[in-house]
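The values are calculated or read from the model by the stated rules, or taken from the named source; none is laboratory data. Owing to the predicted nature of the structure, the values given are computational and were not obtained by experimental measurement. In this analysis, Cβ positions are derived from the backbone assuming ideal geometry, glycine residues included, and neighbour counts consider all displayed protein chains. Quick note on the areas: whole protein, heavy atoms, side chains included, nothing else; ligands and nucleic acids left out. Shrake-Rupley method; radii C 1.70, N 1.55, O 1.52, S 1.80 Å.
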Amino acid sequence: MATKTNTTAVFLPLEGVESEHCTLIVDKGLSKLQGLNAHKVELNNKRAVIQANNAEAVSEAVHLIRDLGYNVTTIKKTFPVLEMSCASCAVNAESILKSQQGVVNAAINFATATAAVEYIPGVVKPIDLKKAVQSGGYDLLVEENKDEANTIENLQQEKFALLKRRTYWALGFSVPLVAISMFFMNILYANELMWLLSSPVVLWLGRDFFINAWKQTKHRTANMDTLVALSTGVAYTFSIFNTLFPDFWHKRGLHAHVYFEAAAVVITFILLGKLLEEKAKGNTSSAIKKLMGLQPKSVIIINESGHETEIPIEQVQIGNIILVKPGEKIAVDGTLISGNSYVDESMLSGEPVPVFKNENEKVFSGTINQKGSFQFRAEKIGSDTMLAQIIKMVQDAQGSKAPVQKLADKIAGVFVPIVIIIAVASLIIWTIFGGDNGFTQGLMALVTVLVIACPCALGLATPTAIMVGVGKGAEMGILIKDAESLEQAKKINAVVLDKTGTITEGKPLVTNEFWLADDNQLKQILYSIEKQSEHPLAEALVKHLNSQTKISVSNFESITGKGAEAVFENETYFVGNKTLLKEKEILIENTLLKTAEQWSEEAKTVIWFSSSKKALAIYAIADQVKPNSKDAIAELQRNGIEVYMLTGDNEATAKAIAKSVGISHYKAGVLPEQKAIFIKELQANGKVVAMVGDGINDSTALAQADVSIAMGKGSDIAIDVAKMTIISSDLKKIPEAISLSKATVATIKQNLFWAFIYNLIGIPIAAGILYPINGFLLNPMLAGAAMALSSVSVVSNSLRLKWKR
């Protein structure tokens, strides 16, 4: 990896990079390219991040990646070009386009006055090309307001749909093929029929394996595609030869076996594995998209003359005065200059109660104005907003290298060339030392080695265990997004829990009430006042008093930041905080004061109800701890796992909740980025950390953690970022998930053992190592059976997980 520089990073969206082995191939290729100052390949984000000296280097990187057998997502468009007067103009304009970073190819046709441009979405936009061409005295007609944000996702969806169609077609051809090979081998023209059924699978549906293998060969590398192409290609070609010329073997006393079903089924299994993997990874990018969706597309700005103008968010400048109406999302970060309102900042703080904002207080992009209009001055725009920073941190964390490398891919990197060498060596040795039938026996040995070394079992080892493990998890109420989290979960020795919505219910409820005198009509008055209130805590009171009958109160008035008042039968009643009662000089008896103080010490919010003369009652509102939280935390601690609690709430509440559930390590007043930093610190101390949260504010920490777990009743963003989701929001599912991880990883390791044991024993025998000792030479048919047996053993072993308790 090259040294970092100050040049701007360019993100190349990759296609076909499915494993760590693929990233190594691309990474190695880029390291040889002149003009790159730094580069890295991110498997999770499916992108290459490069820092190039010039635009040409970016274009060369795209071509190099394609030469390696992979692809970079690009868009090809034709734009009309204006203001060209001669062929020289076309050359100049074309040169300008090619010099733009992100343009892969550009060609201008002077006769038709059009520019055919291939560019990388996200790196350069048509409007950028227009501006560049305009700087040279020409013009480019581009489609304005074209939404390109979904381009990459649309292309990925198209690719997934194509893979799905190919897999279904392959299954359709393979099922009758296997039936003939197993039960109807003696029917007339059986070989020809199997040839007919296997040809579409090998030549049409599996053509990418051969194309990629050829590209790998040109660059003197090999991957799983190479082995798939070799084994299926040789088996298919050998079978065609035996179908057309069976006498070649019969004259030598051998049977002309065919392996059409082996070639087709291998490709079908590999396609099926790729489809399952793509499906599991399908939601990775949607988390970022949803975060981006929190930002509105347009805003209303107030100009110097006081007129309102709606403009796209891209045109907002620092210093603009922006108007925000009730229910609208706040577009950029800034300071409130007029008006006031309650703002839902749960995406930042995770706390369910909206925050009251007055003049000179900060507001943030992506938060939601709940009540009243206000104006604020824009101070941070674009990539500087807090929302943009969260998006970047999530993206970076997702793009970081997995701590556990993919064992199968690692082994495959060595396995493939070794198998090829053994197969070719077998042919050569047999030809030289095999006597009259040396070449024949050598060819049989070559085919046998390649067939028995077929990576079918290797390809099934991980996906089948993951499939069963994920299915078992779903039955238990644990949704698992990928294999990596299953690998990691067994190593967890530190669990970080968010408070609100994770340990607690996340919804404020009335926990206590105290009346000086039990009067049903007073309760009806309180219920009727709160029914009209827009304050977030009023909902908890209304829910608590729901059995009361609503009566008619008049002159209702909301007192911002303090409470509300209303009149019933010429008496004024107040509902709100203690400050409101003090301002109105209302008498408060000592019994009420002492009870309120006790509730406050328990981190509960106290709501007062009074007439115009004296306080009548108090209510305590708090976020309740979930019933199973304490037991779940105790079980984690019994298993030697350290448990931490992080919350954006105040110290008193955090302390009370931590004490009630038995957590000794907790932090209060923690911002989203501080949660991620805390997890980094734990990781730096050698901990394998699981983060459990439910809010958007947890998304950065979830992305940073080794294992991320979202509560099912949390935000969509948290669920998308997290690799596991607890559907029932029951913390007791976390120890169960760890147990499932241990069982699944053990199954994967057993599967890999079964996948390789046949090869380790079978390959030397297939090559003829026993022939000098006892004259035994493995028949290719037996090799095919051994290969199939290894697959069956792998699948059977995975299925055992279903019944594991």
Where the accessible area of region 158-274 is counted over protein heavy atoms with a 1.4 Å probe, how much of it, in %, is carbon and sulfur?
69 percent
Could you calculate the FRET efficiency of residue 157 with residue 770 from 1/(1 + (r/R0)^6), where r is the beta carbon distance between them and R0 is 60 Å, rounded to 0.05?
0.70
Using a cut-off of under 20 Å, list every residue of region 179-205 whose amide N is near the label point 7 Å from the Cα of residue 250 along the Cα-to-beta-carbon line.
185-195
Return the distance in nm (one decimal) between the two label points of a simple spin-label model at residue 54 and residue 476, each offset 7 Å from Cα along Cα→Cβ.
5.8 nm
Cα centroid of region 644-705 to Cα centroid of region 473-532, whole Å:
17 Å
Summing Lys, Arg as +1 and Asp, Glu as -1, what charge do residues with Cβ under 12 Å from the Cβ of residue 12 carry, residue 12 excluded?
+1
Any chance you could run the full-extension gain for residue 361 through residue 600? It's 0.36 nm times the residue separation minus the Cα-Cα distance, nm to one decimal.
83.4 nm
For the peptides 491-499, 625-633, what is the packing order when you average, over each peptide's residues, the other Cβ atoms within 10 Å and list the highest mean first?
491-499, 625-633
R0 = 30 Å: FRET efficiency of residue 513 with residue 631, Cβ-based, nearest 0.05?
0.55
Where only protein heavy atoms count, and the probe is 1.4 Å, what is the accessible area per residue for region 538-627 in Å²?
53 Å²
Length gained, residue 189-residue 674, 0.36 nm per residue minus C-alpha separation, equals 167.5 nm
Testing the spin-label approximation: label points 7 Å from Cα along Cα→Cβ at residue 164 and residue 650. State their distance in nm.
5.2 nm
Links exceeding 23 Å between C-alpha atoms in this model, out of 562/613; 28/742; 325/357; 46/274, come to 28/742
